[in-house]
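*Asks:* One structure, pasted below without further comment.
The values are calculated or read from the model by the stated rules, or taken from the named source; none is laboratory data. The structure displayed is predicted, hence computed values, not measured ones. Glycine gets a Cβ as well: all are built from the backbone with ideal geometry, and neighbour counts include every protein chain shown.
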Amino acid sequence: MTASPAQPFYVLDSFALLALFQEEPGAPRVREVLRRADDGEVRLAMAVVNIGEVFYRTVRSRSYQHAVEVLNAIDDYIIDYFEVDRALAMEGAELKSRYRMSYADCIAAALALRLGATVLTGDPEFRQVEGVVGVEWLPRA
């Protein structure tokens, strides 16, 4: 399930979607990648645990209603969602045992490894796994 060499393949970390909906410096690049996915030029994937991160962080920073609106807006994008099955949970756990990253970030990295994709993020925790998985860095606020 990897993309062809001509078609970039990204795993979205929660950082990317939060940057978009909070209009942070990375928002223009995330918007561009989402548009390119709509045009079929790019494939996007995300673990459901990372979409959960988007939701709870939006509830905390704004409100429950706003978080629901964000989820509804995300549903308009062409993103393949992956459940965290036992194998992906163990792949994430293996990364967690080696790196000081959140477990959810380890799941995103494990998904990217599984799919042969690049993580799109600005989260500095991913610096630890740059030699293990591809990372495209979004600018930070």
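*Asks:* Determine the pairs where a residue that is closer than 13 Å to residue 14 by Cα, located within segment 108-135, has a partner that is of a type in the set (Asp, Glu) and surrounded by 18 or more Cβ atoms within 10 Å (Cβ to Cβ) with Cβ atoms under 7 Å apart, the partner being 6 or more residues away or on another chain.
*Replies:* Hits for this filter: 108/13; 119/13; 120/13; 121/13; 123/13; 123/105; 125/105; 126/105.
*Asks:* So the check is Cβ under 7 Å with 6+ separation or different chains; which pairs have a first residue in segment 65-79 that's within 17 Å of residue 27 (Cβ to Cβ) and a second one that's small (Gly, Ala, Ser)?
*Replies:* Pairs found: 77/37; 79/45.
*Asks:* So which residues in segment 103-141 are small (Gly, Ala, Ser), more than 24 Å from residue 32 (Cβ to Cβ) and either buried (at least 16 other Cβ atoms within 10 Å of the Cβ) or in contact with a helix residue (DSSP H, G or I) (Cβ under 8 Å, 6 or more places away or on another chain) (or both)?
*Replies:* Those that are small (Gly, Ala, Ser), more than 24 Å from residue 32 (Cβ to Cβ) and either buried (at least 16 other Cβ atoms within 10 Å of the Cβ) or in contact with a helix residue (DSSP H, G or I) (Cβ under 8 Å, 6 or more places away or on another chain) (or both): 104, 110.
*Asks:* Another question, if that's okay. Being more than 18 Å from residue 109 (Cα to Cα) and either under 14 Å from the mean Cα position of the chain (by Cα) or assigned to a helix (DSSP H, G or I) (or both) is the filter here; which residues of segment 3-21 pass it?
*Replies:* Filtering segment 3-21 for residues more than 18 Å from residue 109 (Cα to Cα) gives 4-7, 19-21.
Matches in segment 3-21: 19, 20, 21.
*Asks:* Could you tell me which numbered condition residue 24 fails, if it satisfies all but one of (1) part of a helix (DSSP H, G or I); (2) touching a residue at least 60 places away in the same chain (Cβ under 8 Å); (3) farther than 18 Å from residue 133 by Cβ; (4) not small (Gly, Ala, Ser)?
*Replies:* Only one criterion is unmet by residue 24, namely (1).
*Asks:* Continuing with the same structure: Here are 70, 84: which of them is among the aliphatic types (A, V, I, L, M), at negative phi, in contact with a helix residue (DSSP H, G or I) (Cβ under 7 Å, 6 or more places away or on another chain) and part of a loop (DSSP other than H, G, I, E, B)? Break it down into steps so the answer makes sense when it comes.
*Replies:* Working: 70 fails: part of a loop (DSSP other than H, G, I, E, B).
After applying the criteria, what remains is 84.
*Asks:* Pairs under 8 Å by beta carbon, first residue polar (S, T, N, Q) in segment 95-106, partner modelled with pLDDT of 95 or more, six or more apart or different chains?
*Replies:* As it stands, the answer is 102/125, since those pairs meet every condition given.
*Asks:* Please go through segment 58-75 and pick out each residue that is of a type in the set (Ser, Thr, Tyr) and under 16 Å from the mean Cα position of the chain (by Cα).
*Replies:* Let us first name the residues in segment 58-75 that are of a type in the set (Ser, Thr, Tyr), namely 58, 61, 63-64.
Within segment 58-75, just 58 meets the criteria.
*Asks:* Something else now. State all residues of segment 85-107 that are of a type outside the set (Asp, Glu) and within 18 Å of residue 15 (Cβ to Cβ); if no residue qualifies, say none.
*Replies:* Let us first name the residues in segment 85-107 that are of a type outside the set (Asp, Glu), namely 86-90, 92-93, 95-104, 106-107.
Scanning segment 85-107 gives 92, 95, 96, 99, 100, 101, 102, 103, 104, 106, 107.
*Asks:* Run down 77, 99 and say which single residue is over 26 Å from residue 127 (Cβ atoms) and in contact with a helix residue (DSSP H, G or I) (Cβ under 8 Å, 6 or more places away or on another chain).
*Replies:* Going through 77, 99 in turn, the sole match is 77.
*Asks:* Further question: So residue 30 clears everything in (1) in a helix (DSSP H, G or I); (2) of a type in the set (A, V, I, L, M); (3) farther than 24 Å from residue 140 by Cβ except one condition, right? Which one?
*Replies:* It is condition (3) that residue 30 fails.
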